[in-house]
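The values are calculated or read from the model by the stated rules, or taken from the named source; none is laboratory data. Quantities reported herein were computed from a predicted structural model and do not represent experimental measurements. FYI the Cβ positions are ideal-geometry reconstructions off the backbone, even for glycines, and counts take in every protein chain you see. In case anyone asks, the SASA skips ligands and DNA or RNA and just uses the protein heavy atoms, side chains included. Shrake-Rupley method; radii C 1.70, N 1.55, O 1.52, S 1.80 Å.
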Amino acid sequence: MSKIDPGRYRPKTLAVRAGQVRSAEGEHSELLFATSSYVFRNAAEAAARFSGDQPGNIYSRFTNPTVRVFEERLAAMEGGERCIATASGMSAILSTCMALLKAGDHIVASRSIFGTTVGLLNNVLSKFGLSTTFVDLADYTAWESAIRPETRLLFLETPSNPLTEIADIRRLADLAHARGCLLVVDNCFCTPVLQQPFSLGADLVIHSATKYLDGQGRCIGGAVIGGRERLEDIFAFLRTAGPTMSPFNAWVFLKGLETLPVRMETHCKNAQQVAEWLEGQPRIERVYYPGLNSHPQHELAARQQSGYGGIVSFIVKGGRAAAWRLIDSTQLFSITANLGDTKSTITHPATTTHHRLTDEQRAEAGIVEGLIRLSVGHEDVEDLKADLAAGLSA
Ligand SMILES: Cc1ncc(COP(=O)(O)O)c(C=O)c1O
């Protein structure tokens, strides 16, 4: 079977079919190439591979056929030229920065990004001469005035974690390009099923495959998608430094991509119902979900996304004590910081995903003590509401 032409097919077809090359065995499912290295027919062939005169595999730190199928499928789904799979979402961000930036360069990042990404920028990359200014995701003027002559990247997540703020990707891409910068979008919450940042002008898309792309909480992985030339630099970093995706994980993620469109439909449907129900509860101070009319950027989300996603956050009255009581009372929700799973999860961002931020950084990011984040999964939505109702009356 030869590879399908991504330009010919619609997203749901690409999710199931893109990238696969069937071997002479005629297998229906993709092959798992569990091998660290590859054998050459003779010494001359080995030399030709190493010199680059002959294309082909050498060593799975940098190429593996199963990983390649995952990369091609995700690139096709995002509408990007090339994808590089990495060992985790964090190593996708690290590899992008290490490959494309040098000491003295500056990044402007949204304040509302994953806490560990803040740590990477502030505590790790700062040691190598990179500096970052954090701005409010939805404040265009703040992005504009934070850009300096040495700024190279604008970095954001949209919707943000955990407050589901929305960035205007098109507007920020135009700003980035006018000022000679690249726009990098972490598309983890929406996935290519709900949002395609390249169609809005973004230059690079990042994924934590650990989340919705897997969808069943099994493996850690990440990816960077973008133009061929830029990705060649990231590939060179990966080849040398080695934060590579394992073939087994790539195989699991491939199976995840096949069901991603139908899973995202269910996540969106259930999350909308849970969010609407939460909004009517007297013990809830505020609900954050882009699908609610009360969300300040509901219209932008409707324009930019084809669905509102599975993440719902809310503030329970009574601060940390009330939030922890509710979390501990639920029977169905798993208390875990992961998200994007068919199993619904519940977490207290201030003491988990965002605990490494200083009090000041948390306050600036709006991570208050009463805040709870749900990743709404595929259980019956009436059971989920009943579970939260029991927690709220505890
Ligand atoms: C939006 C976002 N980006 C990146 C990451 C990092 O991904 P990983 O845990 O796969 O390293 C996470 C993890 O939670 C995340 O939520």
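Within the range 263-293, the trypsin sites (Lys or Arg not before Pro) that combine a DSSP coil assignment with at most 16 other C-beta atoms in a 10 angstrom radius are ARG283.
Spin-label model, LYS343/LEU31: points 7 Å from Cα along the beta carbon direction are separated by 3.4 nm. Computed over the Cα atoms of the range 1-133, the ratio of the radius of gyration to the Kirkwood radius (Rg/Rh) comes to 1.06. Pairs of C-alpha atoms in the range 64-202 farther apart than 19 Å represent 50 percent of all such pairs. Taking 18 Å as the cut-off, the amide N atoms of the range 249-273 that come nearer than this to a point 7 Å along the Cα-to-beta-carbon line of GLN216 belong to 249-267.
Considering every Cα-Cα pair within the range 275-392, what fraction, in whole percent, is farther apart than 17 Å? Don't jump to the answer; show the numbers that get you there.
Working: 3858 of 6903 pairs.
That tail contains 56 percent of the Cα-Cα pairs.
Within the chain, which DSSP H helices have Cα atoms that stretch 15 Å or more along the helix axis and a mean Kyte-Doolittle hydropathy of at least -0.5? For the chain, where a helix must reach 15 Å along its axis and average at least -0.5, the hits are 65-78, 89-100, 228-241, 247-279, 319-329, 381-392. The simple Förster model, with R0 at 45 Å and r as the Cβ-Cβ distance, assigns THR259 and SER393 a FRET efficiency of 0.80.
May I ask what percent, to the nearest 5, of DSSP beta bridges between residues of the range 175-290 are antiparallel? If you can, show how the numbers build up before the last one.
Values: 5 of 8 bridges.
Around 60 percent of the beta bridges assigned by DSSP in the range 175-290 are antiparallel ones.
Basic side chains Lys and Arg get +1 at the Cβ, acidic Asp and Glu get -1 at the Cβ, and with that the dipole of the range 118-193 about its Cα centre reaches some 300 debye. Find the lysine pairs in the chain meeting two conditions, Cα atoms under 30 Å apart and a separation of 8 or more places or different chains, and report how many there are. So the count of such lysine pairs works out to 24. Each principal axis of the range 67-130 carries a Cα extent, and these read 35, 24, 20 Å when sorted largest first. Using the average count of surrounding beta-carbon atoms within 10 Å as a protection proxy, the listed peptides 293-306, 59-72, 155-168 rank, highest first, as 155-168, 59-72, 293-306.
Please report, largest first and rounded to whole Å, the three semi-axes of the ellipsoid equivalent to the range 224-339, where each semi-axis is the square root of five times an eigenvalue of the C-alpha gyration tensor. Each step should come with its number before you reach the end.
Values: eigenvalues 252, 77, 48 Å².
Working through the eigenvalues yields semi-axes of 35, 20, 16 Å.
Which value does Rg/Rh take for the range 149-198 over its C-alpha atoms, Rh per Kirkwood? Write out the running numbers ahead of the final one.
Values: Rg = 11.3 Å, Rh = 11.4 Å.
Across the range 149-198, the Cα-based Rg/Rh ratio is 0.99.
Counting only Cβ charges, +1 for Lys and Arg and -1 for Asp and Glu, the dipole size of the chain around its Cα centre is about 580 debye.
Charge dipole (Cα centre; +1 on Lys/Arg Cβ, -1 on Asp/Glu Cβ; no other charges) of the range 1-59 amounts to roughly 340 debye.
Split the accessible area of the chain by element, probe 1.4 Å, and carbon with sulfur accounts for 52%.
When each of the peptides 176-185, 79-88, 6-15 is scored by the mean number of other C-beta atoms lying within 10 Å of its residues, the order from highest to lowest reads 79-88, 176-185, 6-15. In the range 1-47, the C-alpha radius of gyration followed by the widest Cα-Cα span (Dmax) gives 15.2, 44 angstrom.
Treating each Cα of the chain as an identical point scatterer and summing with the Debye formula, the log10 of I(q)/I(0) at q = 0.09, 0.10 Å⁻¹ comes to -0.53, -0.66.
May I ask you to derive the FRET efficiency for GLU279 and GLU299 from their Cβ-Cβ distance with R0 = 22 Å, giving the value to the nearest 0.05?
Values: r = 18 Å, r/R0 = 0.81.
My answer for the efficiency is 0.80.
A Förster radius of 25 Å combined with the Cβ-Cβ distance from VAL21 to SER306 puts the calculated FRET efficiency at roughly 0.25.
For the range 126-208, with every protein chain kept in place, what is the accessible area per residue (1.4 Å probe, Å²)? Don't skip to the end; give the middle numbers.
Working: 2730 Å² over 83 residues.
Roughly 33 Å² per residue, with all protein chains present.
Comparing GLY89, GLY129, GLY26 in a Gaussian network model of the chain, where Cα atoms under 10 Å apart are tied by springs, the biggest mean-square fluctuation is seen for GLY26.
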